[in-house]
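Report on the structure given below.
The values are calculated or read from the model by the stated rules, or taken from the named source; none is laboratory data. Predicted, not measured: the structure shown is a model, and the values here were computed from it. Here the Cβ positions follow ideal geometry from the backbone for every residue, glycine too, while neighbour counts run over all protein chains shown.
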Amino acid sequence: MELAELKTMYKLPTHIGFIIDGNGRWAKKRNLPRSQGHIKGFNRLEKVYKMVRELGIKYISIYAFSTENWNRPKEEVDGLMKLFRRVIKDFYNKNKYEDTRIEFFGDLNRFEEDIKTGALDIMERTKNNKDFHINICMNYGGREDIVQAVNKLIKQGKTLVTIEDISQNLYSKNCPDPDFIIRTSGECRLSNFMPWQSTYSELYFPKVLWPDFSKKDLIEAIKEYSSRDRRFGAIKE
Ligand code: FPP
């Protein structure tokens with residue numbers, strides 16, 4: 001089935017969150033270092049982004065690096081930093097993001113200066129782009145995000161906050177909540193990914209490891225989303 005066909009036949013989400021899990025297992029199965037799995041996973045991400053665009057889905061969020069991932073072996077963390085540098089370099093080399101707003105969700109202060117300034121610069125340069133949105137969650141933790149939002153509000157002098165106040169101070173303030181969250185590799189949990197924003201998200205946990213996530217898997221995922229009956233706590237007439 002072609003993606004264009006899918007668009008006319010199924011209900012599509014506006015915002016998909018991807019928890020790209022299984023890179024390490026993919027590499028282990030092939031006796032490769034874990035960082036090879038991340039490289040493969042990164043390449044897959046580029047392909048999936050192209051497909052998602054083709055479908056006209058405007059927002060994607062990617063859980064690229066959690067606050068807990070710093071505890072992984074140095075070699076693996078270094079490999080991931082290399083990939084972040086590649087994203088930044090790529091951005092300047094190719095002009096492929098001119099219609100895309102890129103935002104980094106998470107505390108960038110923990111990264112080396114070149115990654116931090118690169119990420120801040122990309123956010124600034126793309127801030128008026130409207131057609132597509134990529135949110136890259138790095139050094140991101142959902143609970144930490146809520147805490148930083150509340151602290152911002154306290155600093156502003158608030159003593160009582162509303163749901164709207166918190167939503168407007170999260171990293172995700174510029175985008176709608178994810179309609180659909182896909183976590184590959186069969187693990188059925190969110191692991192601190194957008195706990196505030198995912199209250200009404202449809203969750204999907206396919207067994208496929210992220211580096212193998214294909215067009216067929218995306219089509220399956222969309223069909224599954226389309227079959228879900230989203231009621232947001234209400235009932236159907
Ligand atoms: C989970 O697989 C994946 C990660 C912790 C990191 C994934 C990050 C990238 C591929 C870099 C993406 C970069 C950008 C800027 C979007 P895992 O290692 O936990 O796999 P396992 O559960 O099989 O061990």
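Put simply, of Ala149, Ala119 the only residue that is within 16 Å of the ligand (Cβ to nearest atom), at pLDDT 95 or above and among the aliphatic types (A, V, I, L, M) is Ala119.
For segment 120-163, filtering for residues that are without any contact (Cβ under 8 Å) to a residue 60 or more places away in the chain and more than 23 Å from Lys89 (Cβ to Cβ) leaves 22. Counting only residues that are under 26 Å from Pro178 (Cα atoms), of a type in the set (Asp, Glu) and surrounded by 12 or more Cβ atoms within 10 Å (Cβ to Cβ), segment 85-136 holds 3 of them. Selection of segment 45-61 for residues being buried (at least 20 other Cβ atoms within 10 Å of the Cβ) and either more than 15 Å from Ile219 (Cα to Cα) or of a type in the set (Gly, Ala, Ser) (or both) yields Leu45, Lys58, Tyr59, Ile60, Ser61.
When residues in segment 187-201 are screened for being touching a residue at least 40 places away in the same chain (Cβ under 8 Å) and either surrounded by fewer than 15 Cβ atoms within 10 Å (Cβ to Cβ) or over 15 Å from the mean Cα position of the chain (by Cα) (or both), 3 of them pass.
Scoring Gly142 on the criteria (1) closer than 17 Å to Ile62 by Cα; (2) out of contact with any Pro (no Cβ under 7 Å at 6 or more places or on another chain) leaves a single failure, condition (2).
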